[in-house]
Amino acid sequence: MRLKKSPQSVDSHILARIRGRGEGSVLVPGDFLDLGSREAVDLVLHRLVQKGTVRRLARGVYDFPKRHPVLGPLSPSADTIARALAGRDRTRLQPAGAYAANTLGLSEQVPAKAVFLTDGPSRTVTVGPMTIQLRRTTPRNMAAAGRLSGLLIQALRELGKEHVTRARVEHLKRTLPADKRRELLKDLTLAPAWMHPIFRELAEEGA
């Protein structure tokens, strides 16, 4: 028979888990439901916010902030927030749109919205000036999720064929690891036909 945890026990277990994840981690109530009821978890998180231990970023989203000696608490990355939103149920994420292009250095513009394709539920949160959107998509769009090819497909799609200049291709050659570029050919069939020459060139340069 499972013993019911006391409020103090729930507090201490949640705090220990947060500290175990380390500074800079992003948290959602679902991360702690094995330690207590949703109501109990929400109360503990509320108390930790009041104490300044954790910070409430948006409804149902918190972080254990990393602190800079001069700048104070630092903001977590969009990627870290998205992974916390996706949860621990093997939901996959694929950066898309302007965020994907910026991640690869193909655009200097920092997007106000970071879009992630997912095979899990759609969700949108706003944290400060940044909006993080998880957008449910088709299995085909997620086929290369987590690999360079998936990120590259989304970034090039955002730019459009006419804007994939020689300078941008050369930038990719300089910045992407050779071993990763060689693997692009494995996912060639997942990319639109107009991207195939770009994938081949990047892969050959990495050979």
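The values are calculated or read from the model by the stated rules, or taken from the named source; none is laboratory data. Computed from a predicted structure; not experimentally measured. Every residue, glycine as well, gets a Cβ built from its backbone with ideal geometry; the counts of neighbours run over all protein chains shown. In case anyone asks, the SASA skips ligands and DNA or RNA and just uses the protein heavy atoms, side chains included. Shrake-Rupley method; radii C 1.70, N 1.55, O 1.52, S 1.80 Å.
Given H placed on each backbone N at 1.01 Å, which residues far from GLY105 in sequence or on other chains put an amide H within less than 5 Å of it?
Those lying under 5 Å, H to H, from GLY105: there are none.
Rank these by accessible area, largest first, 1.4 Å probe: LYS173, LYS113.
Correct descending sequence by accessible area is LYS113, LYS173.
For segment 1-138, give the percent of accessible area contributed by carbon and sulfur heavy atoms, probe 1.4 Å, rounded to a whole number.
Of the solvent-accessible surface of segment 1-138, carbon and sulfur hold 53 percent.
Show THR53, THR118, THR175 ordered by accessible area, largest first, where the area counts protein heavy atoms only and the probe is 1.4 Å.
The ordering from most to least exposed comes out as THR175, THR53, THR118.
Compute the separation of the alpha-carbon centres of segment 118-196 and segment 9-61 and state it in Å as a whole number.
Result: 33 Å between the Cα centres.
Among bridges DSSP assigns within segment 99-207, what percent are antiparallel (round to 5)?
45
If you roll a 1.4 Å probe over the heavy atoms of the protein chains, what accessible area per residue do you get for the chain, in Å²?
Each residue of the chain exposes 57 Å² on average to a 1.4 Å probe.
Assuming a strict under-29 Å limit between Cα atoms, what lysine pair count do you get for the chain once near-sequence pairs (fewer than 8 apart, same chain) are dropped?
11
Got the relative contact order for segment 124-191 handy, in percent, Cα pairs under 8 Å and 6 or more residues apart?
32
Using only helices, what value at 222 nm comes out for the chain when you add -39,500 (n - 2.57) per DSSP H run of length 4 or more and divide by the total residues, to the nearest 500 deg cm²/dmol?
It lands at -11500 deg cm²/dmol.
Go ahead and run the numbers for FRET between ARG17 and THR103, Cβ-Cβ distance against an R0 of 25 Å, rounding to 0.05.
So the FRET efficiency works out to roughly 0.30.
Would you check the accessible area of MET130, probe 1.4 Å, heavy atoms only, in square angstrom rounded to 10?
50
Determine, from the Cβ-Cβ distance of THR124 and ARG38 and an R0 of 22 Å, the FRET efficiency 1/(1 + (r/R0)^6), rounded to the nearest 0.05.
0.55
Pick out, from SER9, ILE81, VAL70, the residue whose Cα sits farthest towards the positive end of the charge dipole of segment 6-86, with +1 on the Cβ of Lys and Arg and -1 on the Cβ of Asp and Glu.
VAL70
In segment 166-207, carbon and sulfur make up what percent of the accessible area (probe 1.4 Å)?
53
Report, to two decimal places, the Cα Rg of the chain normalised by 2.2 N^0.38 Å (N = number of residues).
1.22
Taking amide H positions as placed 1.01 Å from N in the peptide plane, with prolines and chain starts having none, which residues 5 or more places from THR124, or on another chain, fall under 5 Å of its amide H?
Amide H neighbours of THR124: LEU134.
Between GLU183 and THR53, what is the FRET efficiency for a Förster distance of 35 Å, r being their Cβ-Cβ separation, to the nearest 0.05?
After rounding, the FRET efficiency stands at 0.25.
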